[in-house]
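> The structure under discussion is supplied below as structure tokens; questions concerning it will follow.
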Amino acid sequence: MVIYQAFGELMEGFLGNILYETVLPKGIEQLEITVSFGKREKEAVTETDREACRAAWVRNCKEEPSEEVVDALIRGQKTEINVSVYHNEVLLGFAHRDETEKKIVISPDGSSEGFRSWKPCGGVLRVVLHVYQMLNDHTPYAVTVTDGGRDESTISKG
């Protein structure tokens, strides 16, 4: 059962955090949280981008970069969105994975790497997206929280 779902688009250059909160129904034994985004690599590299790269190299390395270095630096850029999850103000974990789709499972019997085992029954769930580098305009993202596939009839709505 889908408990919460949100979609959005981010603009080039965005840097910051986006917070989503929802009240969880009682009776949930497991949560599955999926955060995904598109447009990981820069779609169009301009001469302005190349000049900014050269200038940063000179500031830090005190010498002019070769074109091969500039190309490698630009190819190495990527959009990155990481995720932290809280339940009733308790930090359950943080996903800093090199993936465009992060799938997180939280349950009392075991959770995804970087997350504690926890029974997420009722209360307030907070999912925070940490956006570190947005390389393209109109970059889509989605957040989906489900009950891990449990039968909806076994979950208390109160």
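> Per residue, how many Å² of accessible area does the chain show with a 1.4 Å probe?
Here the residues of the chain average 54 Å² of exposed surface.
> In addition: Compute from the Cα atoms of region 1-65 the Rg and the Dmax, the latter being the longest Cα-Cα distance, and quote both in angstrom.
20.3, 61
> Residue by residue through region 49-56, which ³J(HN,Hα) values in whole Hz follow from phi under the Karplus form 6.51 cos²θ - 1.76 cosθ + 1.60 (θ = phi - 60°), with glycine and proline marked x?
Going residue by residue, I get 4, 5, 5, 4, 5, 4, 4, 5 Hz, with x marking Gly and Pro.
> Counting only pairs 8 or more places apart or on different chains, how many lysine pairs in region 25-144 have C-alpha atoms closer than 17 Å?
Total qualifying Lys-Lys pairs in region 25-144 comes to 5.
> Separate question: Checking a compactness column here: for region 33-135, what do you get for Rg(Cα) / (2.2 N^0.38 Å), N being the number of residues?
Relative to the 2.2 N^0.38 Å estimate, region 33-135 comes out at 1.49.
> Let me ask something else. Take Gln77 and Phe14, extend 7 Å from each Cα along the Cα→Cβ direction, and tell me the distance between the two endpoints in nm.
1.7
> Grab the DSSP H runs of the chain that are 4 residues or longer, score each as -39,500 (n - 2.57), total them, divide by all residues and round the 222 nm result to the nearest 500 deg cm²/dmol.
Rounded to the nearest 500, it is -5000 deg cm²/dmol.
> While we're on this one: Between Arg40, Arg50, Arg126, where does the largest GNM mean-square fluctuation fall for the chain, given springs only between Cα atoms within less than 10 Å?
So, out of Arg40, Arg50, Arg126, the one fluctuating most is Arg50.
The values are calculated or read from the model by the stated rules, or taken from the named source; none is laboratory data. The structure displayed is predicted, hence computed values, not measured ones. So basically every Cβ, Gly included, is an ideal-geometry build from the backbone, and we count neighbours across all protein chains shown. Only protein heavy atoms, including side chains, enter the accessible area calculation; ligands, DNA and RNA are left aside. Shrake-Rupley method; radii C 1.70, N 1.55, O 1.52, S 1.80 Å.
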